[in-house]
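Structure first, then comments.
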Amino acid sequence: MDTHPTLTQHVLFTDADGRARWRQAPVALTEGKPEARLSPLAASGGYQLRQSPVGFRSAFHCTGDAQWVFILQGRMEIGLQDGSARVFGPGECFYSADLLPAGASFDPAVHGHCSRQVGDAPLVTLFVRG
């Protein structure tokens with residue numbers, strides 16, 4: 001039986017009720033060699049780097065375009081409408097796809113997530129469009 005190792009993809013998505021939620025999905029490492037496994041090559045639509053100063057905090061918002069978020073420096077907290085939050089640090093990433101539901105008008109009490117810089121180091125992130 002040939003099984004491939006996997007990585008865990010943390011996905012921020014919009015659930016059927018319009019609220020942002022987290023789920024996990026495996027990413028199969030089917031490419032490369034046994035000593036260096038790779039995922040299949042995925043298309044991307046460009047990237048942006050962002051530096052957020054100490055104290056940065058966003059309002060609730062939806063992701064405009066689905067994208068990977070990689071934390072390069074500092075710590076980033078993602079808060080959801082249900083009051084839960086996750087903190088990501090250097091070397092960690094997640095896939096942000098909590099898009100506004102089709103036909104919906106944005107309601108900051110229902111839709112999206114908020115983000116903030118955590119700790120005493122500026123936050124540096126890499127956004128890769130999916």
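Bear in mind that the values in this text are calculations on the coordinates, not laboratory data. This is a predicted model, so every value here is computed, not measured. In this analysis, Cβ positions are derived from the backbone assuming ideal geometry, glycine residues included, and neighbour counts consider all displayed protein chains.
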So for the chain, what percent of the C-alpha to C-alpha distances run longer than 20 Å?
-> 50
Virtual spin-label span in nm between Asp120 and Ala66, 7 Å along Cα→Cβ = 4.1
Table column - 3J(HN,Hα) (Hz), segment 67-74, Karplus curve with 6.51, -1.76, 1.60, x for Gly and Pro | 7, 7, 10, 10, 8, 9, 8, x
Projected label distance in nm at Gln51 and Gln9, using a 7 Å step from Cα toward the beta-carbon | 3.1
